[in-house]
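The values are calculated or read from the model by the stated rules, or taken from the named source; none is laboratory data. Everything numeric here is computed off the predicted structure, so don't read it as measured data. Here the Cβ positions follow ideal geometry from the backbone for every residue, glycine too, while neighbour counts run over all protein chains shown. The accessibility values were calculated without ligands, DNA or RNA, using every heavy atom of the protein model including side chains. Shrake-Rupley method; radii C 1.70, N 1.55, O 1.52, S 1.80 Å.
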Amino acid sequence: KTILKNGLRLITVPNKGTKAVTVLILLPVGSRYETKDIGGLSHFIEHMMFKGTKKRPTSLDISKELDGIGAEFNAFTSKDYTGYYIKSSADKVELAFDILSDMLFHSKIDEVELNKERGVIVDEINMYVDNPLMYIESLFEELIFGDHPLGWQIAGKRQVIKTVPREKMMKYFEHYYQPANMIIAVAGNIKESQVKKLTEKHFGRAGKKDFKKFP
């Protein structure tokens with residue numbers, strides 16, 4: 001474990017028995033930190049991180065570059081944390097760092113793409129509600145925690161997703177997506193010295209040093 005000057009925590013797990021590497025970034029933000037007027041924003045932001053950056057303007061630019069090296073990539077949101085990962089051959093670890101840092105620090109969060117994604121997320125909410133095996137977990141947590149963030153659905157309510165302003169999303173995003181809030185775990189056929197240099201290069205920027213509940 002290494003802690004950078006900006007507060008970011010790096011965990012390296014060398015494993016010479018594989019030819020692959022996984023770069024995972026975790027942020028301590030999920031739906032439990034939301035209020036009713038922004039319910040579902042943690043999950044919404046996760047979606048928007050794949051919609052294009054200044055360097056890679058569209059979601060297709062991001063996916064083509066990763067598909068071109070045979071990488072596996074995805075993201076997830078829970079009530080407590082959000083995660084992003086890329087798994088690739090070990091010799092492509094620098095590209096994994098480059099793309100993840102580009103997404104987390106330079107995503108455009110374009111208004112047009114944001115409005116398109118509202119419908120995608122509403123469809124996702126409908127899909128979960130229509131699947132009893134998935135929906136029963138949300139109902140159980142609602143029964144236990146009631147009208148509390150821990151009892152709300154991670155994806156939020158349809159009406160909030162349809163109407164939440166971009167300005168609120170940006171304030172929430174800029175509040176939590178700071179290096180001091182990030183944990184980077186890198187596992188696989190790696191050289192720890194190389195990974196530390198890549199982390200400094202791509203994630204060594206200054207940022208807020210404290211984690212407080214929004215706003």
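Examine segment 103-121 for a residue that is outside any loop (DSSP other than H, G, I, E, B), on the phi < 0 side of the Ramachandran plot, of a type in the set (Asp, Glu) and open to solvent by less than 40 Å² (accessible area, probe 1.4 Å), and state whether such a residue exists. For segment 103-121, residues outside any loop (DSSP other than H, G, I, E, B), on the phi < 0 side of the Ramachandran plot, of a type in the set (Asp, Glu) and open to solvent by less than 40 Å² (accessible area, probe 1.4 Å): present. Within segment 51-79, the set of residues being under 21 Å from ARG158 (Cα atoms) and assigned to a loop (DSSP other than H, G, I, E, B) comprises LYS51, SER78, LYS79. Within segment 19-44, being open to solvent by 40 Å² or more (accessible area, probe 1.4 Å), out of contact with any Phe, Trp or Tyr (no Cβ under 6 Å at 6 or more places or on another chain) and not hydroxyl-bearing (Ser, Thr, Tyr) holds for LYS19, ARG32, LYS36, ASP37.
When ILE154, ILE190, ILE161, ILE184 are checked against the criterion of being part of a strand (DSSP E or B), buried (at least 18 other Cβ atoms within 10 Å of the Cβ) and modelled with pLDDT of 95 or more, ILE184 stands alone in meeting it.
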